[in-house]
Amino acid sequence: MANLKITLVKSLNGRLTKHKATAEALGLRRIGDVTVQPDNEATRGKIAHIGYLLQVSEEN
């Protein structure tokens, strides 16, 4: 199973509370934070929710 490398590229300031919570659930707190998550339905849903704040790449 592949993993996804997720980087927060935009600020969370002024965002909806739900969007901040989703970023926190992914382990992203400040610009430049990077996390590696499994490529599954739950992770894809979180990315779809706040994709405008993220940069996502596939990692082997």
Hey, got the Cα dimensions of the chain along the principal axes, in Å, largest first?
-> 35, 21, 16
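Using a 1.4 angstrom probe on heavy atoms only, work out the carbon and sulfur share of the accessible area of the chain in %.
Details: 1880 of 3970 Å².
The computed percentage sits at 47.
Given the rule -39500 (n - 2.57) for each run of at least 4 DSSP H residues, summed and divided by the residues of the chain, what is its mean residue ellipticity at 222 nm, to the nearest 500 deg cm²/dmol?
On the way: 2 runs with 19 residues, N = 60.
It comes out at -9000 deg cm²/dmol, rounded to the nearest 500.
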Which angle from 0 to 90°, rounded to the nearest 10, does the C-alpha axis of helix 41-50 make with the longest principal axis of the chain?
-> 30 degrees
Return the FRET efficiency for the residue pair K10, D39: r is the Cβ-Cβ distance, R0 is 22 Å, and the value is rounded to the nearest 0.05.
-> 0.50
So what is the accessible area of the chain per residue, in Å², with the probe set to 1.4 Å?
-> 66 Å²
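The values are calculated or read from the model by the stated rules, or taken from the named source; none is laboratory data. Please read all numbers here as calculations on a predicted model, not as lab measurements. Methodologically, a virtual Cβ is constructed for each residue, glycine included, from the backbone with ideal geometry; neighbour enumeration extends over all protein chains shown. All accessible areas refer to the heavy atoms of the entire protein, side chains included, with ligands and DNA or RNA removed. Shrake-Rupley method; radii C 1.70, N 1.55, O 1.52, S 1.80 Å.
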